[in-house]
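What follows is a single structure, written as structure tokens, with notes after it.
The values are calculated or read from the model by the stated rules, or taken from the named source; none is laboratory data. This one's a predicted model, so the numbers in the text were calculated from it and none came from an experiment. Backbone-built Cβ (ideal geometry, glycine too); neighbour counts: all protein chains shown. Note: areas computed on protein heavy atoms with side chains; ligands, DNA, RNA excluded. Shrake-Rupley method; radii C 1.70, N 1.55, O 1.52, S 1.80 Å.
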Amino acid sequence: MKRILPSVFVLTFIILVSGCGYNTMQMKEEAVFAAWADVEAAYQRRNDLIPNLVEVVKGYAKHEAETLKAVVEARSKVGSIQISKDMIGDAKAMSQFQAAQSELQSALSRLMVVVERYPDLKASQNFRDLQHQLEGTENRINVARTRYNKAVQEFNTSIRIFPNNITNRLLLNLKPKEPFKAEPGAEKAPQVKF
Amino acid sequence: MRTIPKKAFPFFLFLLLFSLESALSLEVPPLKGYVNDYANMISPRVRAKLEGELREFERTDSTQFVILTIPSLMGEALEDYSMKVAETWKIGQKGKDNGIILLVANKERKIRIEVGRGLEGRLTDLAAGRVIDLVMKPMFKRGDFDGGFTAGVHALVDITRGEYKADAKGVRKKTSVSSYLTTLFFAGVLLLFIGTISKFLGAVMGAIGLPSIFYLLFAPSLFVLIVLGLLGLLMGIFLPLIFSGGTGYGRGGNGGWFGGFGGGWHTGFGGGGDSFGTFGGGGGDFGGGGASGEW
């Protein structure tokens, strides 16, 4: 009996530790951080693209200085907000970040509408290339955001369910993370015409 | 014939609504091969030719490139749908993420090239966009789908050729064998542990456990399984005796158990896509790179 006692202890300990979610919660938190890094990278990619876009549009559409200015200003505002990995738990910082990004988004889409008036610009290979890059970037942002939200949801669930919530309160003290909210206006379904 | 009782009516209505719901959201069709021409846009001759070329491309470069044509998007956004396809099929090798999906929606006249993360450096959004604009679009506009697909596939293959090389034959096997070993090691330690508690339990576990592990991993014949069962029975009885010298195994043994558990289960059952000749995605990841266009 004495012989097996230590191994019984160790086995019980391992089962307890793996059963209480200590490892799972930390793994899920790391997954949230990784997903957030992708979100940041995707947004950064868009930021890097904007100067080129502005240059190209400027060459063809000299009268749209105002729209261009709005884009440049929104970009610099986005650049001034630093969001670190600790701040994704912070609802206020997160909504600030999101507001700045969606302002840039709407400035960009205004620019894209304006561009419709300049057939020469639309036909130029330079602009078409940029358009592809911008589209690709927007798509990446979308994908990264969806995945981030999924990771956040999994993490937030994992720290709330029993018995993880007890482990979390006693040992880890992990805070729930903030998901991206739907953009204002996105809750209305788009009208489909046949 | 009995009539359906009135009470069941709401239930049927619910079922009907439920099936409508699932019919409305566009499903990802099963992956049949390299060319999945669900919209019947490509002639059989060209289909066979592309199928062969893409198989050869995966053999030499390990890059997986599949084509999917669908009759209609049914109102779904092109990019959302192609991402759904990418996440379902998992085209591209795991770790290399070298998959390409060429999606064409016939009714909406839309083209999308979805590029795996590992190929984004070579096949940029810009390059993918140019393939659509300059290579495929003009031919599609003329109604020359065979030519458009062939030229598009050739352009994309030319761009991505050489980015990855297929693994040498032995490499994949080596990693799998080591993962089998972890599983066996883990099982051995567990057996040892149970054997110390009760010889009878250990023998039973051994007789059942060893053959079932081999069955899951290698699918051996019945005779081999019986031999393994006997071997497991003996191991269950004698392993604890061999190690009964002292308490020294307590810490080390359990450490091995824990490590073996993670490694063994994770790699043992993950499975590579092309291991047994049937075609499937290799577990590649997509991050939304690529380009879209209309013709």
Inset, instruction - Give me the orientation-averaged projected area of the Cα convex hull of the stretch A:108-162, in nm², one decimal. - result: 4.5 nm²
Inset, instruction - Determine the share of the stretch A:37-139's accessible area contributed by carbon and sulfur atoms, expressed in whole percent, with a 1.4 angstrom probe. - result: 50 percent
Inset, instruction - Any chance you could check the stretch A:135-151 for residues losing 30 Å² or more of accessible area when the partner protein chains are in, compared with the chain on its own (1.4 Å probe)? - result: A:N139, A:R140, A:V143, A:R147
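Under a 1.4 Å probe, what is the accessible area of the stretch A:37-139 per residue, stated in Å²? Write out the running numbers ahead of the final one.
Numbers: 5440 Å² over 103 residues.
Each residue of the stretch A:37-139 exposes 53 Å² on average to a 1.4 Å probe.
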Inset, instruction - Run the numbers on the stretch B:117-164: which residues show a drop of 40 Å² or more in accessible area, chain on its own versus all protein chains together, using a 1.4 Å probe over heavy atoms? - result: B:R117, B:D125, B:L126, B:R130, B:D133
Inset, instruction - Please state the charge dipole magnitude for the stretch B:37-89, taken about the Cα centre, from unit charges on C-beta atoms (+1 on K and R, -1 on D and E), reported in debye and rounded to the nearest 20. - result: 300 debye
Legend entry - Cβ-derived FRET efficiency at R0 35 Å, B:M74 paired with B:S43, nearest 0.05: 0.85
Legend entry - Pair A:Q125, A:E73: separation of 7 Å Cα→Cβ label points (nm): 3.7 nm
Legend entry - Restricting the stretch B:74-123 to trypsin sites (Lys or Arg not before Pro) in coil, as DSSP defines it, with at most 16 other Cβ within 10 Å: B:K94, B:K107, B:R109, B:R122
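Please report the buried accessible area for the interface of A with B, total over both chains, probe 1.4 Å, in Å² to the nearest 100.
On the way: alone 12900 and 16920 Å², together 27560 Å².
About 2300 Å² of accessible surface is lost on pairing.
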Inset, instruction - Describe numerically, in nm with one decimal, the distance between label points set 7 Å from Cα along Cα→Cβ at A:L11 and at A:A65. - result: 8.1 nm
Inset, instruction - State the answer as a single residue: which of A:Q105, A:I83, A:N139 lies farthest towards the positive end of the charge dipole of the stretch A:37-139, with beta carbon charges of +1 for Lys and Arg and -1 for Asp and Glu, about the Cα centre. - result: A:Q105
Inset, instruction - Send over the Kirkwood Rh of the stretch A:37-139, from the inverse of the averaged 1/r over different Cα pairs, rounded to one decimal Å. - result: 14.4 Å
Inset, instruction - For A:K175 paired with B:K94, estimate the spin-label separation in nm (one decimal), with each label point 7 Å from Cα along the Cα-to-Cβ line. - result: 3.6 nm
